[in-house]
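Everything below concerns the one structure shown next.
The values are calculated or read from the model by the stated rules, or taken from the named source; none is laboratory data. The structure presented is a predicted model; accordingly, all values stated were derived computationally and were not measured. All Cβ positions, glycine included, derive from the backbone under ideal geometry; neighbour counts span all protein chains shown. For accessibility, only protein heavy atoms count, side chains too; no ligands or nucleic acids. Shrake-Rupley method; radii C 1.70, N 1.55, O 1.52, S 1.80 Å.
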Amino acid sequence: MKTPLLQFTSNGIYCEKAGVYLDPWKPVDHAIISHGHADHSRYGHKKYITHHKNVPIILHRLGEINVTGKEWGETFIINNVTFSLHPAGHIIGSSQIRVEHKGEVWVFTGDYKTENDGISTPYEPIKCDTFITECTFGLPAFKWTPQAEVLENINNWWAENKAEGKTSILFGYSLGKAQRLLKYLNTDIGEIYTHGAIENMTEVLRPLVDFPKTTLITRETKKEQLLGNIVLAPPSAHGSTWIRKMVPYVTASASGWMTFRGARRRRAIDKGFVLSDHCDWPGLLQSIEATGAEKIICTHGYTDIFSKYLREQGYDARTEATQYGEEENETALASKSTAAI
């Protein structure tokens, strides 16, 4: 029986012919990394290959590692297997990984989204025989409102809170979502303050994107300084003493999970904005059709439901278990912050 070009093993997604893993979840000798979120770029590999825009991100998060940066579409050959990285549109520096051997092509998406967020290189469909797709939001209920409309609503919310003399606290993941929000916050309304985890990551990315001015919240920051302004914080900061000292405040979260009112209620958030760095249902289906792939492998998310739907549409679709999560691990990042008031 022919060995698949990519196999799902206990260490991660493995290309046996090249001796290389894609986003492995256990330490390996050679790893090709799709993007900088903690569930895809882990510490402990001997050698890393990733897009050059992702290099400063994983150096910041993982410390001193042996990493090589590649450009979009640049091919590199390992043991007669040809690899290349292509934009995934998920966050800055995120890539799909194309793998080709003897005319057979597989594409591993990592995480991806089809809407252009204005700070990441836009997603580009790649023709392939087998397409490995995430299914984080693989239900028909997930259909995103255009980004411009969501961001206008966020700025209007901030202005309304300012008129009531309250601080606006907006939660978003420190890598990706926070910078996407920051890029489009209206500084005519007020000043932008940040939690340490977001400030540190944004500083890493400032050479790549023109972001507005931010001010790190420190022990010297007085809550009176924050009134009427907006605070960007990771979700892990919600409910902490760091937040409670900011009263009066109003909270909001920007996430695809805000589609469901129950998610906002469970997280005790005052306002939810539906904004995701993953594909919605139409985005997943359009992406798959654009690849021309006949075989689809579904990982992390609503895999069973989504793969069943694909089979009903005539695809050869199946699921595979991985150790990728729906979101990055913010707890570790928050613990690195020294922010306080």
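The set of residues in region 55-75 being out of contact with any helix residue (DSSP H, G or I) (no Cβ under 7 Å at 6 or more places or on another chain) and over 19 Å from residue 28 (Cα atoms) consists of 70, 71, 72, 73, 74, 75. Test residue 132 against the criterion of being touching a Leu at 6+ places or on another chain (Cβ under 6 Å) and either surrounded by 24 or more Cβ atoms within 10 Å (Cβ to Cβ) or acidic (Asp, Glu) (or both), and give yes or no. Here the answer is no, as residue 132 does not meet what is asked.
Out of all the residues in region 160-168, is one or more under 26 Å from residue 99 (Cα atoms), touching a residue at least 12 places away in the same chain (Cβ under 8 Å) and crowded, with 24+ Cβ neighbours inside 10 Å? Checked against the condition, which is being under 26 Å from residue 99 (Cα atoms), touching a residue at least 12 places away in the same chain (Cβ under 8 Å) and crowded, with 24+ Cβ neighbours inside 10 Å, region 160-168 yields no hits at all.
One residue stands out in region 3-18 among those that are more than 16 Å from residue 100 (Cβ to Cβ) and outside any strand (DSSP E or B): the one that is least open to solvent (accessible area, probe 1.4 Å), namely 12. In summary, residue 96 fulfils each of the numbered conditions (1) in contact with a His (Cβ under 7 Å, 6 or more places away or on another chain); (2) more than 15 Å from residue 121 (Cβ to Cβ); (3) not β-branched (Val, Ile, Thr) with the single exception of condition (2). Under the condition of being within 18 Å of residue 147 (Cα to Cα) and in contact with a strand residue (DSSP E or B) (Cβ under 6 Å, 6 or more places away or on another chain), the residues counted in region 259-277 number 4. Considering 74, 104, the condition of being more than 15 Å from residue 280 (Cα to Cα) and free of Cβ contacts under 8 Å to residues at least 24 places away in the same chain is satisfied by 74 alone.
When 216, 232, 208, 227 are screened for being open to solvent by 20 Å² or more (accessible area, probe 1.4 Å), within 14 Å of residue 195 (Cα to Cα) and of a type outside the set (Phe, Trp, Tyr), only 216 passes.
The set of residues from region 19-36 being touching a His at 6+ places or on another chain (Cβ under 8 Å) and crowded, with 20+ Cβ neighbours inside 10 Å comprises 20, 21, 23, 24, 31, 33, 34, 35. Against the list (1) among the polar types (S, T, N, Q); (2) closer than 28 Å to residue 111 by Cβ; (3) in contact with a strand residue (DSSP E or B) (Cβ under 8 Å, 6 or more places away or on another chain), the condition residue 161 fails is (2). Taken over region 33-75, the residue count meeting the criterion of being in a strand (DSSP E or B) and more than 17 Å from the chain's Cα centre (by Cα) is 8.
Checked against (1) buried (at least 21 other Cβ atoms within 10 Å of the Cβ); (2) closer than 30 Å to residue 132 by Cα; (3) in contact with a strand residue (DSSP E or B) (Cβ under 7 Å, 6 or more places away or on another chain), residue 280 meets all criteria but (3). Checking each residue in region 303-321 for being assigned to a loop (DSSP other than H, G, I, E, B) and surrounded by 13 or more Cβ atoms within 10 Å (Cβ to Cβ) picks out 315, 320.
The condition (being more than 23 Å from residue 242 (Cβ to Cβ), more than 18 Å from the chain's Cα centre (by Cα) and open to solvent by 30 Å² or more (accessible area, probe 1.4 Å)) is satisfied by just one residue among 127, 143: 127. Within the set 263, 237, the sole residue that is within 21 Å of the chain's Cα centre (by Cα), at pLDDT below 95 and farther than 30 Å from residue 122 by Cβ turns out to be 237. In region 76-86, is there at least one residue being open to solvent by 30 Å² or more (accessible area, probe 1.4 Å), assigned to a loop (DSSP other than H, G, I, E, B) and over 22 Å from residue 6 (Cα atoms)? For region 76-86, residues open to solvent by 30 Å² or more (accessible area, probe 1.4 Å), assigned to a loop (DSSP other than H, G, I, E, B) and over 22 Å from residue 6 (Cα atoms): absent.
The single condition among (1) modelled with pLDDT under 95; (2) farther than 20 Å from residue 117 by Cβ that residue 249 does not meet is (1).
Matching residues to (1) at pLDDT 95 or above; (2) within 20 Å of the chain's Cα centre (by Cα); (3) farther than 30 Å from residue 222 by Cα; (4) part of a helix (DSSP H, G or I):
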{"site": "287", "(1), (2), (3), (4)": "yes, yes, yes, yes"}
{"site": "300", "(1), (2), (3), (4)": "no, yes, yes, no"}
{"site": "323", "(1), (2), (3), (4)": "no, yes, yes, no"}
{"site": "334", "(1), (2), (3), (4)": "no, yes, no, yes"}
{"site": "339", "(1), (2), (3), (4)": "no, no, no, no"}
